[in-house]
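Notes for the one structure printed next.
The values are calculated or read from the model by the stated rules, or taken from the named source; none is laboratory data. What you are looking at is a predicted structure, and each value in this text was computed from that prediction instead of being measured. Neighbour counts are summed over all protein chains in view; Cβ atoms, including those assigned to glycine, are modelled from backbone coordinates with ideal geometry. Side chains included, ligands, DNA and RNA excluded: accessible areas come from the protein's heavy atoms. Shrake-Rupley method; radii C 1.70, N 1.55, O 1.52, S 1.80 Å.
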Amino acid sequence: MPTHDGLPLRRTKIFDTTLRDGEQAPGNAMRPHQKLDIALKIEALGVDVIEAGFPSSSPSDRQAVRLIADALTSARVATLNRPVPEDIRLAVESAGTERHHLQIMATGSEIHLRHKRGIQQAEAQDEVVEAIGFARSLGVRHVTLAIEDASRGSDGLLRPLITQSVSAGADTVTVADTTGCMVPAQYGGLIARIRSWIPPETVVSTHCHDDLGLSLANALAGIEAGADEVQTTLAGIGERAGNTPLEELIAVLTYNGEAIGAGTSAKTEGLYAAFNLLCEVIGLSAPRNKAIFGTNSFATQAGIHQAGILRAPLTYEYVEPARFGRERKILVGRHSGRAVLRHVLQELKLPTDERLVDRLYEEYVAHRTNGECISLADLRAIITEQHATRSRTLTR
């Protein structure tokens, strides 16, 4: 069993919000049955909780929550709700009380109190505490205090809000860096303080946004500081720059969990299939340089890299493509060298005549003026045809 400082790794819970925070970003809308299909793909990865929607926001969200709540067998379903009785009633009608993580949004910063809500701290705290009590009175087993903009709230606001909410029955506290404004040391410090205010059995969950490109780094800092759960989205989709990417979190915990003292039971297999389904549903295209899912994540055309990979993939591959349902791609472009040409000749059991290698290099590598590449399969076909043509000529 992997350990950290001689102790077994803590298992990090994964709460996926692709279908709620991910879906609410522009261009990401999904129909209820599409949400269900994606939810089942995400559940198969082994995540703990899947947030299905915001029931009070629309009939479509309520339908999606019902479908997903009925279909999940291992993961639990979550909903997001304002601290008002009608939202909570609709959420319970849609997802029940037993396997339902009912999240209640709380105002977590003076900025939001003043400019968004126009209410005092005491009023904001009271409405949340009452809403938690109401949810518990309906029999909801898991109630989450979801603190919006917690990263910009003072301890004087956050501490009483959190301690009173836990006393009222919240069993999870979600700490949202809603604007993605923090760096890891700041966010880790915030998580550590919150962890010290509440009982050890209360779950602390991270919800980090990527406005500064730090959502994953902040989530990892949160884990190191005592967070039990991370909220993620597939491919990091979500408001503005997005959220902590599910696939990147799983990859880090799989490969480097010992370094941060935390692991995961979630699977790497199936992530790429889930991503492809998401792309199909919302019309998303993978960028070239995205970790795990990028078109170039496991591709190379650089001659130095290719020379190493052709001898032993581990020279330049730390993350194994097959583990994530991907394939290694060695492409021939203007940055490629002669090693890849020799490799193809050897594959084809042709003599590695250096004059032939030089000619192929001049023809297919040296004078490319753009980013166009050809695959090894294309290069094999070209060399095979040239060899056949040459053989026919010599036998005439």
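Read phi for every residue in segment 65-74 and hand back ³J(HN,Hα) as whole Hz from Karplus 6.51 cos²θ - 1.76 cosθ + 1.60, θ = phi - 60°, with x for Gly and Pro.
Values per residue, Gly and Pro as x: 4, 4, 4, 6, 4, 6, 8, 5, 10, 10 Hz.
Rounded to the nearest 500, what is the 222 nm mean residue ellipticity of the chain from helices alone, with -39500 (n - 2.57) per DSSP H run of 4+ residues and division by all residues?
About -13000 deg cm²/dmol.
Can you give the accessible area of LYS13 in Å² (nearest 10), computed on protein heavy atoms with a 1.4 Å probe?
70 Å²
I'm a student and want to see the number: the projected area of the Cα convex hull of segment 259-379, averaged over all directions, in nm².
Hull-based average projected area comes out at 9.9 nm².
Largest first, how would HIS335, HIS100 line up by accessible area (1.4 Å probe)?
HIS335, HIS100
Can you compute 3J(HN,Hα) from phi for each residue in segment 26-38, using the Karplus curve 6.51 cos²θ - 1.76 cosθ + 1.60 with θ = phi - 60°, rounded to whole Hz and x for Gly and Pro?
Taking θ as phi minus 60°, the curve returns x, x, 9, 4, 10, 7, x, 6, 5, 4, 4, 4, 5 Hz for segment 26-38.
Would you mind checking the tilt of helix 155-168 against the longest principal axis of the Cα atoms of the chain, expressed as 0 to 90 degrees and rounded to 10?
70 degrees
Consider just the alpha-carbon atoms of the chain and return their Rg together with their Dmax, both in angstrom.
Radius of gyration, then largest Cα-Cα span, for the chain: 25.9, 96 Å.
Determine which residues of segment 209-231 fall in the zone a paramagnetic label at VAL183 would reach in this model, i.e. backbone nitrogen under 19 Å from the point 7 Å along Cα→Cβ.
209-225
Please report the carbon-and-sulfur percent of the accessible area for the chain; probe 1.4 Å, protein heavy atoms only, DNA, RNA and ligands left out.
Roughly 52 percent, rounded to a whole number.
Pull out the extension gain between LEU348 and ASP126, defined as 0.36 nm times the separation in residues minus the alpha carbon to alpha carbon distance; nm, one decimal.
72.4 nm is the gain from fully extending LEU348 to ASP126.
Once amide H atoms are placed 1.01 Å from N in the peptide plane, what residues at a sequence separation of 5 or more from VAL77, or on another chain, have their amide H within under 5 Å of its amide H?
Amide H neighbours of VAL77: ILE50, HIS101.
What share of the DSSP beta bridges in the chain is antiparallel, in percent to the nearest 5?
Of all bridge pairs located within the chain, approximately 10 percent are antiparallel.
Quote the FRET efficiency, to the nearest 0.05, computed for SER375 versus LEU314 with a Förster distance R0 of 22 Å and r equal to the Cβ-Cβ distance.
After rounding, the FRET efficiency stands at 0.45.
Using the structure shown, select from LYS267/LYS290; LYS41/LYS267; LYS35/LYS116 the pairs with a Cα to Cα distance greater than 22 angstrom.
LYS35/LYS116
May I ask you to list the residues of segment 306-347 whose amide nitrogen lies under 15 Å from a point 7 Å from Cα along the Cα→beta-carbon direction of ASN296?
Answer for segment 306-347: 306, 329-336.
Can you tell me which of ALA286, ALA221, ALA44 moves the most in a GNM of the chain? Springs connect C-alpha atoms under 10 Å apart.
Of the options given, ALA286 has the highest mean-square fluctuation.
Quick one: the Cα spread of segment 245-287 along its three principal axes, in angstroms, biggest first?
So the three principal-axis extents are 37, 18, 11 Å.
Out of residues 5 or more away from ARG11 or on other chains, whose amide H comes under 5 Å of its own, with H placed 1.01 Å from N in the peptide plane?
Residues meeting the criterion, in which the H sits 1.01 Å from N, are GLY263.
Give me, ordered by chain and number, the residues 5 or more places off ALA106 or on other chains with an amide H under 5 Å from its own placed amide H.
For ALA106, the qualifying residues are ALA146, ILE147, GLU148.
Please turn the phi angles of segment 313-325 into ³J(HN,Hα) values with the Karplus equation 6.51 cos²θ - 1.76 cosθ + 1.60 (θ = phi - 60°), one per residue in order, whole Hz, x for glycine and proline.
My calculation for segment 313-325 gives x, 5, 4, 10, 10, 8, 8, 8, x, 4, 5, 10, x Hz in order.
Taking the chain as a Gaussian network, Cα atoms linked when under 10 Å apart, which of ARG76, ARG20, ARG288 shows the biggest mean-square fluctuation?
ARG288
Which value, in Å² and to the nearest 10, is the accessible area of THR295 when all protein chains are kept and the probe is 1.4 Å?
Roughly 70 Å² of THR295 is accessible to a 1.4 Å probe.
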